[in-house]
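Taking it in order: structure first as structure tokens, then the write-up.
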Amino acid sequence: MRSVVIDASVTLAWCFPDEKSAYADKVLEELEGQVALVPSVWALEIANGLLVGERRKRISQVEILRFMDLLEAFPVQEVSLPVSAHIAGVLPLGREYGLSAYDASYLDAAIRNGAELATADDALEKAARKAGIPIMCAPHPRKAKR
């Protein structure tokens, strides 16, 4: 079984109708029966996306509960590292590829685990390709502009 790191951008596309994409749907389909790897920041990014969506009236609490059921349908495994190791992996990647620390944490998790990356973020996808990390379900179907 191959390892796959999923980022918040592709995960939240499963939740918000205006972010829906053929790519995100394909990733969800391909993840069936697999373990998705995520850095520790993933849960907070998902929670923040849901909170902001709720505040902006893009999603209701009932829809959030349905989405949480979806996330429970497949196992998500957090990639846990000591704080110093996590920072030491993220900083150079952020510098080299011009990524935020959040995005660099997904790239770092993919590199450390020899995993593919599933992302709907263009900058992270570009950085992953430059770093030699395969993109899940590549080539990407063109994503809708946001």
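Every number in this text was worked out from the coordinates using simple rules, so none of it is lab data. Small disclaimer: the values here were computed from a predicted structure and weren't measured. So basically every Cβ, Gly included, is an ideal-geometry build from the backbone, and we count neighbours across all protein chains shown.
Return the FRET efficiency for the residue pair A47, S100: r is the Cβ-Cβ distance, R0 is 22 Å, and the value is rounded to the nearest 0.05. Display every interim value, and only then the final one.
Numbers: r = 17 Å, r/R0 = 0.78.
Rounded to the nearest 0.05, the efficiency is 0.80.
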What does the charge add up to near T11, with Lys and Arg as +1, Asp and Glu as -1, over the other residues with Cβ less than 11 Å from its Cβ? -3
Nearest 10 degrees, 0 to 90: what angle lies between the long axis of helix 83-97 and the longest principal axis of the chain (Cα atoms)? 90 degrees
Cα centroid separation - the stretch 1-52 against the stretch 54-80, whole Å: 10 Å
Taking H as built 1.01 Å from N, whose amide H comes closer than 5 Å to the amide H of M136, not counting residues under 5 places away? L117, A118, T119
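Provide the gained length on full extension for the span R129 to D69, in nm with one decimal, where the gain is 0.36 nm per separating residue minus the Cα-Cα distance.
Values: separation 60, 0.36 × 60 = 21.60 nm, distance 3.19 nm.
Gain on extension, R129 to D69, equals 18.4 nm.
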If you put +1 on each Lys and Arg Cβ and -1 on each Asp and Glu Cβ, how big is the dipole of the chain around its Cα centre, in Debye rounded to 20? 500 debye
Rg and Dmax [Cα atoms of the stretch 4-130; Å; Rg one decimal, Dmax integer]: 14.4, 41
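If r is the Cβ-Cβ distance from A85 to V35 and R0 is 22 Å, what FRET efficiency results, to the nearest 0.05?
Values: r = 21 Å, r/R0 = 0.96.
Rounded to the nearest 0.05, the efficiency is 0.55.
Find the relative contact order for the chain and round it to a whole percent, using C-alpha pairs within less than 8 Å whose residues are 6+ positions apart. Before the final figure, lay out each step's value.
Working: 186 pairs, mean separation 51.2, N = 146.
Relative contact order here is 35 percent.
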Going by how many other Cβ atoms sit within 10 Å of their own, how do V5, V83 line up, fewest first? V83, V5
Label-point separation in nm, S60 to Q77, each point 7 Å along Cα→Cβ: 3.8 nm
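If R0 is 22 Å, what FRET efficiency do you get for A138 and K20 from their C-beta distance, rounded to 0.05?
Working: r = 19 Å, r/R0 = 0.88.
That pair, A138 with K20, gives E of 0.70.
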Which net charge results for the neighbourhood of V79, defined as the other residues with beta-carbon distances under 12 angstrom from its beta-carbon, given Lys and Arg at +1 and Asp and Glu at -1? -1
